[in-house]
Amino acid sequence: MYNQRVERSAGYAGILFVIVVLLAVLLPGMPPPSEATPADIGAYMSAHRSMWLFANWLAFPGVVLFLWFAVQLRAYLRLAPQIDDGLPTYAFAAAVTTVAVELAWSALAMTVAFHPAAVLGDNVVRMLYDAYNLVGAMFTAPLVAMMFAVSHSGRRHGSLPAGLVWWGYLSALLMAVSTLSVFFTTGFLALAGLGALVIGVVPFAIWTIWVSVVLIRAPRGVPGDAVVVRATEVDVVAGPV
């Protein structure tokens, strides 16, 4: 029998995931800009080492929460009565890809601060910090795919509120724009700058909370009349030949 509490638990996991992400962003404070000197980067890592390592270690509980959210979101979308068009599975594959890149990104971030900058040397610090910022800009690519697939599935099958669908489209677009920060060292879209962070993270956080609320308040992922349609289809298939 379908357990509604399982789906609701995924909604709570999504909200907790956003809290973990916000903690990871806020705890160490704003890191140096991408064009900072190795000396400035080393000084920041030395002053914020514990918080920096802890913030990136939070990827561990974040991954656990996000995967459970993604698994149940896929199940939610696949309960729509129409033929499965593959969008929920595509969204889940994008979520798994996001998790893999996120773990690599966090490990790279911790590498920057694990040893003092004086031990690593200026060139190594520069290379590691650039790699950290560039991976951070591009790891949002699978999230764009996930949000688009979820929104498109929700629109096609009517399994998500219209407002959430269009917010998902907009959030995917904004996050895609944020990846353009790889071309800038100054300005609003500067790599690792506040502008790219805001348009990349904030819309996604709002979208995740909104989806989580839907999972908590409307288990089974389909309107009541759609449930009846699904039951009718099963009866037809299971009936006598």
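All of the numbers you see were taken from the coordinates with simple rules; none came from a lab. All values derive from a computational prediction rather than experimental measurement. Cβ placement follows ideal geometry from the backbone for every residue including glycine, while neighbour counts extend to all protein chains displayed.
How high is the relative contact order of segment 1-124? Use alpha-carbon pairs under 8 Å, at least six apart in sequence, and give a whole percent. Could you put the intermediate results ahead of the total?
Details: 93 pairs, mean separation 45.1, N = 124.
Here the relative contact order equals 36 percent.
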Item to complete: Per DSSP H run of at least 4 residues, take -39500 (n - 2.57); add these up for the chain, divide by its residues and hand me the 222 nm value, nearest 500 deg cm²/dmol.
Response: -25500 deg cm²/dmol
Practice prompt. At 10 °C and 1.306 mPa s, grab the translational diffusion coefficient of segment 119-200 from Stokes-Einstein with a Kirkwood Rh over Cα pairs, rounded to a whole number in µm² per second.
Written response: 113
Fill in: Ordering of 192-199, 106-113 by burial proxy (mean other Cβ atoms within 10 Å per residue, highest first)
106-113, 192-199
Worksheet item: How high is the relative contact order of the chain, in percent, counting Cα pairs under 8 Å that sit 6 or more residues apart?
Response: 27
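Ranked highest first by the average count of other Cβ atoms within 10 Å around their residues, in what order do 34-40, 51-57 fall?
Details: 34-40: 15.4, 51-57: 18.6.
Ranking, from highest mean packing down: 51-57, 34-40.
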Practice prompt. List the relative contact order of segment 110-223 as a percent without decimals, with contacts defined as Cα pairs under 8 Å and 6+ residues apart.
Written response: 23
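Using unit Cβ charges (K, R positive; D, E negative) and no other charged atoms, how large, in debye to the nearest 20, is the dipole of the chain about its Cα centre?
Details: 11 positive and 11 negative charges, 97 e Å.
In debye, rounded to 20, the chain gives about 460.
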Worksheet item: On a 0 to 90 degree scale, rounded to 10, what angle separates helix 224-238 from the longest Cα axis of the chain?
Response: 60
